[in-house]
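Inspection log for the structure reproduced underneath, given as structure tokens.
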Amino acid sequence: MNINQSNDTKLEVVIQLDTPDQEGWQQVLHQIENLLAEDDSASVEVVCSGRGTDLIRRDTTHLSIELNNLAARGISFVACNNSLRQRSIREDELFPFVTIVPSAIGELIRAQRDGKAYLKLV
């Protein structure tokens, strides 16, 4: 197979992130960069829940530059409202590009129902 061969099907993925592991966060962002290098029109949604919400908190992440760059390229970052409530995290603690959904599980199911591939990398 030719690696430069184009496929008309847009790559769409939803990634579940629920780990407090900062190396894991970097791995997820690196994999997103790899995907965008292959297909810059890929649709990527990162659903953060539990301790994974620390990735998208302005005061707890060391990856703010990377997150802002990916968000500017159209990558969607989503926070589970159940996790935010459980962990007493306010909306104003998150980056402004983060969307809040009622539950991570519901968002993951909807994304898969809509045809997105599901990944949990860490």
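Observations on the structure shown:
- Residue in region 51-62 that is open to solvent by less than 20 Å² (accessible area, probe 1.4 Å), assigned to a helix (DSSP H, G or I), among the acidic types (Asp, Glu) and modelled with pLDDT of 95 or more present: yes
- Within region 101-122, restricting attention to residues that are among the β-branched types (Val, Ile, Thr) and open to solvent by less than 60 Å² (accessible area, probe 1.4 Å), the residue that is nearest to Asp40 (Cα to Cα) is Val122.
- Filter pass, Glu33 being surrounded by fewer than 16 Cβ atoms within 10 Å (Cβ to Cβ), out of contact with any Ser or Thr (no Cβ under 9 Å at 6 or more places or on another chain) and either of a type in the set (Gly, Ala, Ser) or over 22 Å from Pro96 (Cβ atoms) (or both): no
- Qualifying residue in region 75-85 (condition: open to solvent by 50 Å² or more (accessible area, probe 1.4 Å) and part of a loop (DSSP other than H, G, I, E, B)): no
The values are calculated or read from the model by the stated rules, or taken from the named source; none is laboratory data. Just so it is clear, the structure is predicted and the values come from calculations on it, not from any experiment. Neighbour counts are summed over all protein chains in view; Cβ atoms, including those assigned to glycine, are modelled from backbone coordinates with ideal geometry. To get the accessible areas, we keep the full protein, side chains included, count just its heavy atoms, and leave off ligands, DNA and RNA. Shrake-Rupley method; radii C 1.70, N 1.55, O 1.52, S 1.80 Å.
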